[in-house]
Amino acid sequence: MTRLLTSLFGLVLIALGLLHFAVLPYYDNKLNAVIAAESYPVPAAVHAFHEIAFVADMHADSLLWGRNLGKRQQRGHADLPRLRAGGIDLQVFSAVTQVPRGLNYDSNPADSDSLPLLFVAAWRSPATWFDPRHRALAQAEELYRLAETSALSLVLRRDDLFADGLKGLLALEGMQALGGREAALDELHAAGYRMMGLAHFSDNEIAGSAHGSKKYGLTALGRRLIPRMETLGITIDLAHASPAAFTDTLALARKPVVVSHGGVKGTCAGARNLSDDQLRAIAGNGGVVGIGYWKGAVCDASLAGITRAISYAISIAGINHVGLGSDFDGSIAAPFDATGLPRLTASLLAAGLSQDDVGKLLGGNFRRLLDANLLE
C-alpha cells in the first residue's frame, strides 16, 4: 500500500509539472498571440511625446495566467518590463474568476466553468479551483506581492494616481465573484478592488451579460449595489453588460462609469460593441469608453483598424470620453504587445489628431474619471 501511494503521489507531481511547464504555456501562447508586427515608423518626436504623456490601459487579464509579471516573459502581451517599455503609466489588472465552457459571444450558461484546470496548472491554492470569490482574492494577493517586490505602486485612493512610476489598479471581471452576497462587496473592496464589471460572459446575481442566456438588466441586488459601489469609490465597468443592464445602471449612476474594453458598432458590428446611442449615453454620464485591439472589437485588428474605431467613437461621444482598453492577455490576438503603444500614438497623430487630443485618449480621460471616483 505504501508503495502504491508513493507511486500515485509521484504521478500527481508529474501531472502537475506537465500542466505547469507545458500545457499552461502552450495555451497561453496560443490564446494570447501577437499578430505579425506591422512595420510602422515612430519618429523620435512622437517617442518623446509618448514618454511624457500619461498613458493608461483600462483592461488587461495578465493576472489570470500565473506568470511572473515582474520579469519579461516570452509569451502573452504584458508584464512590468514590457509595460514600462511601452511607456504605460497606469495598467488596470482585471481578475477573471469564471469563464463558461464553449465560450461564445451569443449565449452562455451561468452554471459552467472552464477555469479549474487553469488554476490547478498555475499551482494556486485548492481554494481557488472551484470558487470565483477565492480566485478574486488570490489574484488580488498576487498583485500586492508584485507591488511589494517591484517598482509597481497600487492605486487605492485618489492621491495614488499621481505617484511617480508605473501604477496598477485592480479590477474585477464580473461580479459573479460576490456569490450573490452583498457583504462580499466590502470584502473585495478591502482586498484592493477599485473597478468592477457587472458581468462577464454569463448572467449572474447582479446583472445580465451581453453574452448570457437571458441578458436581463440589474437584479434587485444589483440595484442596491450600484450606489454602494459609488460610495466605496469603486468605478463601475459596463463592458460585457447586457443592453438592459447598461441602461439600468446609467439610470442609477451618479458618478462616471467606464466601458473598459470593447468596440463600436459604427466600425465593427460585434455583439458586444456599443451603438451610437450607447456612446452618447456614456458621454452624457461623463464616462469613458476603452477601445480594444482585437478582431471582435475592431474587426480589423491592426493599427489602422484601432485608430478608425477610436476616431469613430470620438465623432459620436466626443474627445473627452474615449480611451484605451487593450484586453491584453484576455485570450485575444493583438497586433502588438505592451511595447507597441508608441506605434498607436504615432498612428493617432498621423490620423490628424492634435497632441492635446491624443493625450486625452492615451490616459488623460481615464485619469480624470478615476480622480472623480476614487476616495481621498
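Within the stretch 216-235, residues that are touching a residue at least 24 places away in the same chain (Cβ under 8 Å) have Cβ atoms under 7 Å from residues that are among the charged types (D, E, K, R) and assigned to a helix (DSSP H, G or I) in these pairs: 217/248; 218/248, counting only partners at least 6 apart in sequence or on another chain. Inside the stretch 77-134, residues that are more than 13 Å from residue 65 (Cβ to Cβ) and in a strand (DSSP E or B) make up a count of 4.
Taking the criterion of being within 22 Å of residue 92 (Cβ to Cβ), touching a Phe, Trp or Tyr at 6+ places or on another chain (Cβ under 8 Å) and modelled with pLDDT of 95 or more, the residues of the stretch 257-280 that qualify are 258, 264, 278.
Does residue 324 satisfy the criteria of being over 19 Å from residue 345 (Cβ atoms) and either crowded, with 21+ Cβ neighbours inside 10 Å or in contact with a Lys or Arg (Cβ under 8 Å, 6 or more places away or on another chain) (or both)? Answer is no for this residue.
Remark: pairs (first residue in the stretch 175-192, in contact (Cβ under 8 Å) with a residue 60 or more places away in the chain; second residue surrounded by 20 or more Cβ atoms within 10 Å (Cβ to Cβ) and among the aliphatic types (A, V, I, L, M); Cβ separation under 6 Å; 6+ apart in sequence or on different chains) = 177/136.
Among what's in the stretch 249-268 and is more than 18 Å from residue 234 (Cβ to Cβ) and touching a residue at least 24 places away in the same chain (Cβ under 8 Å), pick the residue that is surrounded by the fewest Cβ atoms within 10 Å (Cβ to Cβ). In this case the residue turns out to be 266.
With the condition kept exactly as written, say whether any residue in the stretch 138-158 is under 26 Å from residue 85 (Cβ atoms), within 17 Å of the chain's Cα centre (by Cα), among the charged types (D, E, K, R) and surrounded by fewer than 23 Cβ atoms within 10 Å (Cβ to Cβ). Scanning the stretch 138-158 turns up at least one residue that is under 26 Å from residue 85 (Cβ atoms), within 17 Å of the chain's Cα centre (by Cα), among the charged types (D, E, K, R) and surrounded by fewer than 23 Cβ atoms within 10 Å (Cβ to Cβ).
Within the stretch 208-224, being crowded, with 22+ Cβ neighbours inside 10 Å and over 18 Å from the mean Cα position of the chain (by Cα) holds for 208, 212, 218, 222.
Taking the conditions (1) part of a helix (DSSP H, G or I); (2) without any contact (Cβ under 8 Å) to a residue 40 or more places away in the chain; (3) in the same structural domain as residue 194 (by TED's automatic domain parsing) in turn, residue 26 satisfies each one other than (3). Of the residues making up the stretch 38-51, one or more are within 25 Å of the chain's Cα centre (by Cα), surrounded by fewer than 15 Cβ atoms within 10 Å (Cβ to Cβ), over 17 Å from residue 334 (Cβ atoms) and at pLDDT 95 or above. Checked against the criteria, residue 284 counts as under 23 Å from residue 234 (Cβ atoms) and either assigned by TED's automatic domain parsing to the domain that holds residue 76 or surrounded by 23 or more Cβ atoms within 10 Å (Cβ to Cβ) (or both). Beta carbons closer than 6 Å, at least 6 apart along the sequence or on distinct chains, pair a first residue in the stretch 80-108 that is within 17 Å of residue 155 (Cα to Cα) and among the β-branched types (Val, Ile, Thr) with a second that is in a loop (DSSP other than H, G, I, E, B) and modelled with pLDDT of 95 or more for 88/55. Of the residues making up the stretch 87-117, those that are crowded, with 24+ Cβ neighbours inside 10 Å, touching a Ser or Thr at 6+ places or on another chain (Cβ under 9 Å) and not β-branched (Val, Ile, Thr) are 91, 93, 94.
Scanning the stretch 316-348 for residues that are of a type in the set (D, E, K, R) and either more than 14 Å from residue 43 (Cα to Cα) or not assigned by TED's automatic domain parsing to the domain that holds residue 77 (or both) turns up 327, 329, 337. Which is touching a residue at least 24 places away in the same chain (Cβ under 8 Å) and surrounded by fewer than 20 Cβ atoms within 10 Å (Cβ to Cβ), of 275, 302? Of 275, 302, the one residue that is touching a residue at least 24 places away in the same chain (Cβ under 8 Å) and surrounded by fewer than 20 Cβ atoms within 10 Å (Cβ to Cβ) is 302. Taking the stretch 321-376 as the range and being under 20 Å from the mean Cα position of the chain (by Cα), over 29 Å from residue 99 (Cα atoms) and acidic (Asp, Glu) as the test, only 371 passes. Looking across the stretch 52-65, the residues that are farther than 18 Å from residue 332 by Cβ and either free of Cβ contacts under 8 Å to residues at least 12 places away in the same chain or assigned to a loop (DSSP other than H, G, I, E, B) (or both) come down to 52, 53, 54, 55.
The values are calculated or read from the model by the stated rules, or taken from the named source; none is laboratory data. Just so we're clear, the structure is a prediction, and the values are computed from it rather than from any experiment. FYI the Cβ positions are ideal-geometry reconstructions off the backbone, even for glycines, and counts take in every protein chain you see.
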